[in-house]
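The values are calculated or read from the model by the stated rules, or taken from the named source; none is laboratory data. Since the model is a prediction, treat every value here as computed from it, not as a measurement. Every residue, glycine among them, receives a Cβ derived from its backbone with ideal geometry; neighbour counts consider all protein chains shown.
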Amino acid sequence: MQRSKLPYFFLALSAVLAISAVALLFIRPGSPALVEQPAVPEPSPEPPKKPELPPAVPNLGEMPAPEKPEDVFKNLGVGVEEVDPSELVARIAKAIEAGDLATAAKLIGKDALDPKTLERLKNLATAQAIKLRQPGGVREVGELELNALARWSLELDGPEAGRDRIFLDLRRNKGVWSVEKITLPPAANEPIPKAILADSLGTADAFLQAVLKQDFEFARAFVDPATVSDAKIAGLCILFEEGGYRLRPSKPLRAMFQRKNTVGYLANVETKDAAQSAQFAISLRQPPAPSNWLVSEINLDQLLADYARRVAGGDVYYSPLVKNPQGGDTLALYFEFDEDEINPRTRRQLEIVTMILKSDPGKKITLSGHTDSLGTDGYNRSLSDRRADVVRDYLVKAGVSEEQIITLGKGASQPRRPNVTETGEDDPEGRRANRRTEIYLDF
């Protein structure tokens, strides 16, 4: 039997293919083993940069001279408009404090400035560096027209009272605010008026600022004595002091109504921590020329209600200001049952009364003591005498002359509230309001 040669054929073919594959591996074009890679030249180093020289500083003789007021005025436009009036006032304040007259003038605009006012502003800035009080350097005074004309004040740090404010009146038109008027403080050689601005808002603001400072005499200069009693002014001082009130920073005085010779404002106040707010109404009238505006009415109902809620435990009758049976207003100090001692709250009230009396030895007051209905007539008369006397003794010890004080004891004869309910039962709340000493300011 003859053997097949086919397996030898395939074996030889496999060997040939293997040798061909190895040969192709060594002779393939572009192979790293056969193609020499060109040398890559190294980058040449960049030449070193020359150091930049600082800009040349001109000599002092080359510095531009400050613009003159008349030159600034020539370049003025209509002023800057802002949606937020506080932002515009803050920008003006910043420019004035920096001594940048040109920027301040451009912000204010030519409608509110003239060369003379610019010159006065320059003199004010060059007399001494203008600095604003911190905090509270920018203050909103209130509204002359509801949502249309507002007044702001720049409170200057350093000048004496009366020369320490710059007022800006801003007008709202088509949703934006611009300066309509600027009022500068009196110059050093000019007298200081009681109110720099003698219009209704200026008078109302000056009056309330005096009350906040507990300056009774200065506040009294802005009221019509025929319609606003001294007791009401003193009562407002006591309310502000005891209630811890201050004018609200935003819209402190809002215009309510405007007539030819009468205007009304709503005074917005808040506690010093801004946690509680209240308000009261104040009206002013303008007597015949040359008299200025005067505070003609103060409605304290809402303020007294808030005071009673926060300070007097919710008792609206426990008020420092009450109606006098003979007309007008009277201050009231309250006592605990069957007591004739002055408590800390009463002392704070009497400090204000003391200040008023010591400011003018010619002023006189009448103190009338009162009791509730419990007890005999004789005992209550004696207790009411002691309640009037203890107030007198405190005032005398504080420096008030005895000749300025008249004391009376009324017993239970003049209650402010009923001592019993309609059904005849005892009324402790009513009796509480009757245990008092009233101070009638007979000025």
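Things worth noting here:
- Selection within region 181-190: residues that are surrounded by fewer than 20 Cβ atoms within 10 Å (Cβ to Cβ) and not hydrophobic (A, V, I, L, M, F, W, C). The member of this set that is farthest from SER153 (Cα to Cα) is ASN189.
- Qualifying residue in region 360-372 (condition: farther than 30 Å from ARG220 by Cβ and free of Cβ contacts under 8 Å to residues at least 24 places away in the same chain): no
- Residue satisfying condition, being outside the structural domain of LYS260 (by TED's automatic domain parsing), of a type outside the set (A, V, I, L, M, F, W, C), more than 18 Å from the chain's Cα centre (by Cα) and surrounded by 17 or more Cβ atoms within 10 Å (Cβ to Cβ), within set ARG172, ARG139, ARG151: ARG172
- Of the helices (runs of 4 or more DSSP H) lying entirely inside region 294-404, those containing at least 2 residues that are of a type in the set (Asp, Glu) are 301-310, 377-397.
- The numbered conditions (1) farther than 21 Å from ASP205 by Cα; (2) out of contact with any Lys or Arg (no Cβ under 6 Å at 6 or more places or on another chain) are all true for TYR334 except (2).
- When residues in region 402-434 are screened for being touching a helix residue (DSSP H, G or I) at 6+ places or on another chain (Cβ under 8 Å) and touching a residue at least 24 places away in the same chain (Cβ under 8 Å), 13 of them pass.
- Selection within region 298-343 - at pLDDT 90 or above and on the phi > 0 side of the Ramachandran plot: ASP338
- Counted as qualifying within region 144-253 are the strands (runs of 3 or more DSSP E) with 3 or more residues that are of a type in the set (D, E, K, R), namely 165-173.
- Region 247-280 - residue that is in contact (Cβ under 8 Å) with a residue 60 or more places away in the chain and touching an Asp or Glu at 6+ places or on another chain (Cβ under 6 Å) and, of those, nearest to GLN214 (Cα to Cα): ARG254
- Residue satisfying all of: in region 416-439; within 15 Å of LEU321 (Cα to Cα) and in a loop (DSSP other than H, G, I, E, B); modelled with the highest pLDDT among these: ARG435
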